[in-house]
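Note sheet for the following structure.
Throughout, read-outs are computed from the coordinates displayed, never taken from laboratory work. What you see is a predicted model; the values in this text were computed from it and never measured. Cβ placement follows ideal geometry from the backbone for every residue including glycine, while neighbour counts extend to all protein chains displayed.
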Amino acid sequence: MDEFHKIRRLPPYVFEEVNRLKAGARAQGADIIDLGMGNPDLPTPQHILDKLVETVAKPRTNRYSASRGIPGLRRAQAAYYARRFGVKLDPDRQVVATLGSKEGFANMAQAITAPGDVVLVPNPSYPIHAFGFLMVGGAIRHVPAEPGPEFFHALERAVHHSIPKPIAVILCYPANPTAYVADLDFYRDVVAFARKNGVFVLSDLAYSEVYFDDASPPPSVLQVPGAMDVAVEFTSMSKTFSMAGLRMGFAVGNERLIAALSRVKSYLDYGAYTPIQVAASAALNGPQDCIAEMRATYKRRRDCMVESFGRAGWPVPPPQASMFAWAPIPERFRDLGSLEFSKLLIEKADVAVAPGIGFGEHGDGYVRIALVENEQRIRQAARNIARFLASADETLHNVVPISATR
């Protein structure tokens, strides 16, 4: 039987192969150290949980909520942007709550994309950045993920050679999966390009608070004068407040884009459960020391991972931000590709990582390592990997001619 049209546009989900292998190994009793999915293991701060429980017990909070987000939540997000970025937002016209930033991106794609519209997407990048548009009939043109001169050269080529002209460019800094960071000068150039060429900017800022250089917090594209004319930015409570399962995020910025997203959402959902929205308001309005604690935890894990994996024989560049490291596959295994290497790590080292090919073909020489296990488990992963690397010549001679690649 033929696949449905939209399903045919989606390749097999690469991460499912790794997940199946991981589940099978665990079923056989293996202790898999899972550094694959970016699923925060830190507890949600207690004052947020207290507000959630308090609100659940109140009458009427089990009824339909507001698709755009309750007014208090939208005001709280506007206050956060004013506090953090110095950006003034109208909570009624420039803020909409989403069911996580992933849903926001997917529904924005649905709101603004006509069949055949071209969207500029970094490669490698988080899958929804491309597939949200592919699912609604858009066409993807890739640009480099690194925020440097070649990024802008690619934008210029795309405008001159794409038919039809691109409607939007996707940004994600701090980047998932590469952990690249961008400064305000980069955003100024992007906004200037977008205004000149009539292109929208959709910025994913989910990792705005996960950074390790206190002198340089990641900026928002909306800090650039004129950005409101062309840009919408997506943020998430998932990493900042360890609220991943509660599915709460935001889109803010250009009124026309926000209105389009709000209209689509009004047909699709009644908003997040009201107690979750109230708890999210408490997170944004309440004490922020939990954010600094989260950041310090991920920094300790990053440092532990870089040091212990390096000693194991796998040098990993230290990320400046995000909860991920973007690690080149050791040279001896590079010809295998990221998916087969990730499978090997599960089979031979009891360690799960995310294959870079899942984020685009330009990621195939890398794997993404998530900092979602404590330091003891990270060191155990490093010891497992050290044993695997030391024994690879003997145990893998039937799999790959490792010695010939040295």
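Here are some notes:
- The mean sequence separation of alpha-carbon pairs under 8 Å and at least six residues apart, normalised by the residue count of the chain, gives a relative contact order of 24 percent.
- Degrees, to the nearest 10: 71-85 long Cα axis against longest axis of the chain: 60 degrees
- Taken about its Cα centre, region 241-318 carries a charge dipole of roughly 180 debye when the Cβ of each Lys and Arg holds +1 and the Cβ of each Asp and Glu holds -1.
- Region 309-343 and region 131-170: distance between their alpha carbon centers, rounded to Å: 28 Å
- Computed from label points 7 Å out along Cα-Cβ, the spacing between Leu10 and Glu146 is 3.3 nm.
- For the cross-link pairs Lys51/Lys265; Lys239/Lys348; Lys102/Lys299; Lys102/Lys265; Lys299/Lys343; Lys51/Lys299, the ones whose C-alpha atoms lie over 19 Å apart are Lys51/Lys265; Lys239/Lys348; Lys102/Lys299; Lys299/Lys343; Lys51/Lys299.
- Between the Cα long axis of helix 14-27 and the first principal axis of the chain there is an angle of about 60°, rounded to the nearest 10.
- C-alpha center-to-center spacing [region 33-50, region 93-120] in angstrom: 26 Å
- Assuming charge only on the beta carbon of Lys and Arg (+1) and of Asp and Glu (-1), the dipole of region 156-284 about its Cα centre is about 540 debye to the nearest 20.
- Dipole moment magnitude, nearest 20 debye, the chain about Cα centre, only Lys, Arg, Asp, Glu C-beta charged: 920 debye
- When the chain is described by a simple charge dipole with +1 on each Lys and Arg Cβ and -1 on each Asp and Glu Cβ, the residue from Asn62, Ile385, Ser220 located farthest towards its positive end is Asn62.
- For region 1-90, trypsin sites (Lys or Arg not before Pro) meeting the loop criterion (DSSP other than H, G, I, E, B) and having at most 16 other Cβ atoms within 10 Å: Arg9, Arg60, Arg63, Lys88.
- Dividing the mean sequence gap of close Cα pairs (under 8 Å, 6+ apart) by how many residues region 152-277 holds gives a relative contact order of 19 percent.
- Backbone N under 14 Å from the Ala79 label point (7 Å along Cα→Cβ), restricted to region 269-311: 278-288
- Exposed loop sites, defined as chymotrypsin sites (Phe, Trp or Tyr not before Pro) outside DSSP H, G, I, E and B with at most 10 other Cβ atoms within 10 Å, are absent from the longest region of the chain, namely 65-406.
- Degrees between helix 274-285 axis and first principal axis of the chain (Cα, 0 to 90, nearest 10): 90 degrees
- Seen through its C-alpha gyration tensor, with square-root eigenvalues sorted a ≥ b ≥ c, region 93-250 comes out oblate because a/c lies at 1.5 or above while a/b is not bigger than b/c.
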